[in-house]
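All remarks here apply to the structure that follows.
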Amino acid sequence: MCERFAKETDDERTERRRFLKTASALLGATVAAPMVARAAPQPKVVDISHIPLDGLGTVDFEGKPVVILHRSKQTIATLERDQSGLADPGSHSSQQPKFADNPYRSKVPEWLVMVNICTHAGCHTNYQQRMESGAGGFFCPCHGSRFDAAGRVFRNQPAPWNMEIPEYAIDTQKKQVQLIHADRVRRLY
Ligand code: FES
């Protein structure tokens, strides 16, 4: 009797171990699943060799439209001229990478890489090679905000801040931009 009881207990113990093993494996899979879903976004390499001077390329990155503007010497010169018409020429109020802390808001003056989302209500802007000022810039068709060719907003516009500069790397020899991150800007819209 005792021997049979002991044998049944062993069976039960084996069964319980099997159950616990399966349960913990399932639990592990459940915990691991969201981590896979939240994997870090992958950098994106963009060929910029085809973008003409003062021309624009657009690419979707992390669900946002990123524009790459190939600025001519004349356009670059307009960024260095009188900046009194700009709301925040030094981009002190805008969140942007350290490397963009210059009048061009870029790593290389010839190339602007920017998230093309107006900081007023999130519309996409259009690049115009000649705005009223005579220089190139971005115009928002929704409520009329104007930005210069570095994405800096002019004074007295609906948009409160300069447009976002993403994290990126650029290889001017290979004519490639590597987009790394595009979500540092404060959420307004
Ligand atoms: S969304 Fe651009 S001005 Fe309103």
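So the values come out like this:
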read-out	value
H143 - accessible surface, heavy atoms, 1.4 Å probe, Å² rounded to 10	110
Part-to-part distance (alpha-carbon centres) for the range 115-176 and the range 75-105, which is given in Å	11
Estimated dipole of the range 44-181 in Debye, rounded to 20 [Cβ of Lys and Arg +1, of Asp and Glu -1, Cα centre]	120
Distant-in-sequence amide H partners of W111 (H built 1.01 Å from N, under 5 Å)	R71
Heavy atoms of C142 accessible to a 1.4 Å probe, total area in Å² rounded to 10	60
Above-threshold pairs, the threshold being 18 Å between Cα atoms, out of K44/K174; K73/K107; K64/K174; K107/K175; K64/K175	K64/K174; K64/K175
The range 154-161 - phi-based ³J(HN,Hα) in whole Hz, Karplus 6.51/-1.76/1.60, Gly and Pro as x	7, 5, 6, 10, x, 5, x, 9
Full-stretch length increase - L53, D88 - with 0.36 nm per residue and alpha-carbon distance subtracted	10.0 nm
Potential lengthening between F154 and V45 on full extension [0.36 nm per residue; Cα-Cα distance subtracted]	36.1 nm
Virtual paramagnetic centre 7 Å along Cα→Cβ of F139, amide N under 20 Å, in the range 70-101	70-72, 75-76, 78-79, 85-87
Probe 1.4 Å, protein heavy atoms only - accessible area per residue of the range 44-181 in square angstrom	46
Per-residue SASA entry for L86, accessible area with 1.4 Å probe, Å² rounded to 10	10
Accessible surface of the range 44-181 [probe 1.4 Å, protein heavy atoms]: carbon and sulfur percent	49
Interchain or long-range residues, amide H under 5 Å from G136's placed H	M131
Karplus-derived HN-Hα couplings along the range 45-59 (A = 6.51, B = -1.76, C = 1.60, θ = phi - 60°), whole Hz, x at Gly and Pro	9, 10, 7, 10, 5, 8, 7, x, 4, 6, x, 10, x, 10, 9
Charge-dipole axis of the range 44-181 as Lys and Arg at +1 and Asp and Glu at -1 on Cβ define it, positive-most pick from P52, N102, M114	P52
Shape call, the range 113-189: gyration tensor on alpha carbons, a/c limit 1.5	oblate
Under Karplus coefficients 6.51, -1.76 and 1.60, residue-wise ³J(HN,Hα) of the range 81-98 in Hz, glycine/proline x	6, 3, 10, 5, x, 8, 5, 8, x, x, 6, 6, 8, 9, 8, 7, x, 4
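The values are calculated or read from the model by the stated rules, or taken from the named source; none is laboratory data. Keep in mind the model is a prediction, meaning the values are calculated, not measured. Positions of Cβ are generated from backbone atoms using ideal geometry, with glycine treated the same way; all protein chains shown enter the neighbour counts. Quick note on the areas: whole protein, heavy atoms, side chains included, nothing else; ligands and nucleic acids left out. Shrake-Rupley method; radii C 1.70, N 1.55, O 1.52, S 1.80 Å.
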